[in-house]
Amino acid sequence: MTLAVSVPEELSARVPVEQRGPGLDRDAVRLLVSRGTEVSHHAFAELPRLLRAGDLLVVNTSPTLAAAVDGHLGHARVVVHFSTRGDDGRWAVELREPDGKGTTRARTGGPAEGEVRLPGGVRLVLEEPVSACGERLWWARAAGAGVLGMLREHGRPIRYSYTERDQPLSVYQTVFALPSADGTGSAEMPSAARPFTARLVAELVSRGVQFAPITLHTGVASQEAHEPPYPERFSVPEASARLINAVKAGDGRVVAVGTTAVRAVESAVGPDGVVRARAGWTDLVVTPERGVRVVDGLLTGLHEPEASHLLMLEAIAGRAAIDRGYDEALRGLYLWHEFGDLHLLLPEEDPHTEHCSSNCR
């Protein structure tokens, strides 16, 4: 799916919202709500009034890593983006060239057996492309000190050219992030959850909205190529699976917070529509042809017109809803990217059904 729209450069969110003015918190972004082709405009802080008692938010607990680090390949300076650690101990990495502006640009991957020297005595030996379809990501084996310790000491969050400056790692952690047992996490922030604050979560809970945690460690994305996502490690725990099934059996709605939550939950559902506890790797790509079996709604950022994630949005809400929503986002000057505004996709309301929120008397 490609949208017939063009996103002006000035609609890129260059800094987090809390840095745009005094007294602002993370939830000070805007929220576009699509119910079918019906669109309304809100502040994100209004989310508790837009959901109803019995709804379930599926949230990703993966922490964001300081996944970018400077290195040398021969005499050339490179920036290494650490994407995913494989079961065999190798890392999927992307090598990029510094652009002299604090950001990076794409470079040709490899060569095989090339050695990248990193801080702390870590050396990476490039072995083979991750995919036969391209050489952007390579499997590399690390020697010397451990990669995760090196990233904690010398790494920084992955930054794209539309942002104004480097940010501390804390800016890229969501309120739901939890340390993983093995120290791994996401190469890039599960950004749909970024606007949530502890106060907003408490208000949602007080109104009867429930939360189901899952984990999906994201790999690196690319602003130059919009290929489908690579396999990613995920986990849907037993308690969350039971909660999702209970909500599906009632009249609540399962709303995924971010495309990562959709990918995880839809990877754990069987042909019978029942979600079961599952952990491992998923290569699922949600498309309109495949459809969704669990998710009723999605809270997500605004994606580039060529992004592969738009196929997932179309699978959930339909092409007409996405076209209308993005037209309204452009008309309303919403901001794009991980520090930008949010889009809530909900099913069309049945005009013959009345719902009572938790504050009804």
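The values are calculated or read from the model by the stated rules, or taken from the named source; none is laboratory data. Not measured: the values here are computed from a predicted model. Here the Cβ positions follow ideal geometry from the backbone for every residue, glycine too, while neighbour counts run over all protein chains shown.
Given (1) outside any strand (DSSP E or B); (2) touching a Gly at 6+ places or on another chain (Cβ under 6 Å); (3) more than 25 Å from Ala261 (Cα to Cα); (4) not acidic (Asp, Glu), identify the lone condition not met by Leu148. Status for Leu148: all satisfied but (3). Take Val269 and tell me if it is surrounded by 15 or more Cβ atoms within 10 Å (Cβ to Cβ), within 28 Å of Ala181 (Cβ to Cβ) and in contact (Cβ under 8 Å) with a residue 40 or more places away in the chain. Considered against the rule, which asks whether it is surrounded by 15 or more Cβ atoms within 10 Å (Cβ to Cβ), within 28 Å of Ala181 (Cβ to Cβ) and in contact (Cβ under 8 Å) with a residue 40 or more places away in the chain, Val269 comes out as no. Restricted to the range 126-152, and to residues there that are surrounded by 14 or more Cβ atoms within 10 Å (Cβ to Cβ) and in contact with a helix residue (DSSP H, G or I) (Cβ under 8 Å, 6 or more places away or on another chain), the residue that is nearest to Ala221 (Cα to Cα) is Met150.
Residue by residue, here is whether (1) among the hydrophobic types (A, V, I, L, M, F, W, C); (2) assigned by TED's automatic domain parsing to the domain that holds Ala264 holds:
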| position | (1), (2) |
| --- | --- |
| Pro16 | no, yes |
| Arg20 | no, yes |
| Gly23 | no, yes |
| Ala28 | yes, yes |
| Gly36 | no, yes |
| His42 | no, yes |
| Leu57 | yes, yes |
| Asn60 | no, yes |
| Gly74 | no, no |
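A Cβ distance below 9 Å, combined with a sequence gap of six or more or placement on separate chains, defines the contacts here; from the range 105-125, residues that are loosely packed, with under 14 Cβ neighbours inside 10 Å reach residues that are in a loop (DSSP other than H, G, I, E, B) in the pairs Gly121/Gly144; Gly121/Ala145.
I'm trying to understand the selection: among the residues of the range 23-55, which are under 17 Å from Val209 (Cβ atoms) and in contact with a Gly (Cβ under 6 Å, 6 or more places away or on another chain)? Hits for the range 23-55 are Ala53, Gly54, Asp55. Is at least one residue of the range 197-210 crowded, with 16+ Cβ neighbours inside 10 Å and under 13 Å from the mean Cα position of the chain (by Cα)? Within the range 197-210 (the criterion being crowded, with 16+ Cβ neighbours inside 10 Å and under 13 Å from the mean Cα position of the chain (by Cα)), the answer is no, since none of the residues qualifies.
When the range 1-13 is examined, which residues are found to be buried (at least 17 other Cβ atoms within 10 Å of the Cβ) and either among the polar types (S, T, N, Q) or in a loop (DSSP other than H, G, I, E, B) (or both)? Result: Met1, Leu3, Val7, Ser12, Ala13. The residue of the range 74-92 that is surrounded by the most Cβ atoms within 10 Å (Cβ to Cβ), among those that are closer than 17 Å to Ala221 by Cβ and in contact with a Ser or Thr (Cβ under 6 Å, 6 or more places away or on another chain), is Ala92. The single condition among (1) surrounded by fewer than 17 Cβ atoms within 10 Å (Cβ to Cβ); (2) closer than 28 Å to Gly252 by Cβ that Arg30 does not meet is (1). Restricting to the range 203-217, name every residue that is under 15 Å from Ser235 (Cα atoms) and part of a loop (DSSP other than H, G, I, E, B). Answer for the range 203-217, where residues must be under 15 Å from Ser235 (Cα atoms) and part of a loop (DSSP other than H, G, I, E, B): just His217. Among the residues of the range 237-249, are any at pLDDT 90 or above, touching a Lys or Arg at 6+ places or on another chain (Cβ under 8 Å) and under 30 Å from Gly54 (Cα atoms)? Yes, that holds for at least one residue.
Candidates Glu188, Glu164: the one that is part of a loop (DSSP other than H, G, I, E, B) and outside the structural domain of Gly54 (by TED's automatic domain parsing) is Glu164. Residues of the range 224-246 include none that is part of a loop (DSSP other than H, G, I, E, B), outside the structural domain of Ala92 (by TED's automatic domain parsing), closer than 22 Å to Val17 by Cβ and in contact (Cβ under 8 Å) with a residue 40 or more places away in the chain.
Taken over the range 12-31, the criterion of being in contact with a Leu (Cβ under 7 Å, 6 or more places away or on another chain) and among the hydrophobic types (A, V, I, L, M, F, W, C) is satisfied by Ala13, Val17, Val29, Leu31.
Being closer than 24 Å to Thr163 by Cβ, in contact with a His (Cβ under 9 Å, 6 or more places away or on another chain) and touching a residue at least 12 places away in the same chain (Cβ under 8 Å) is a property that Val69 has.
The residues of the range 41-73 that are small (Gly, Ala, Ser) and surrounded by fewer than 20 Cβ atoms within 10 Å (Cβ to Cβ), listed by number, are Ala43, Ala45, Ala53, Gly54. Cβ separations smaller than 6 Å between residues 6+ apart or across chains give the following pairs from the range 8-21 residues that are over 16 Å from Pro195 (Cα atoms) to residues that are among the hydroxyl-bearing types (Ser, Thr, Tyr) and surrounded by 10 or more Cβ atoms within 10 Å (Cβ to Cβ): Ser12/Tyr162.
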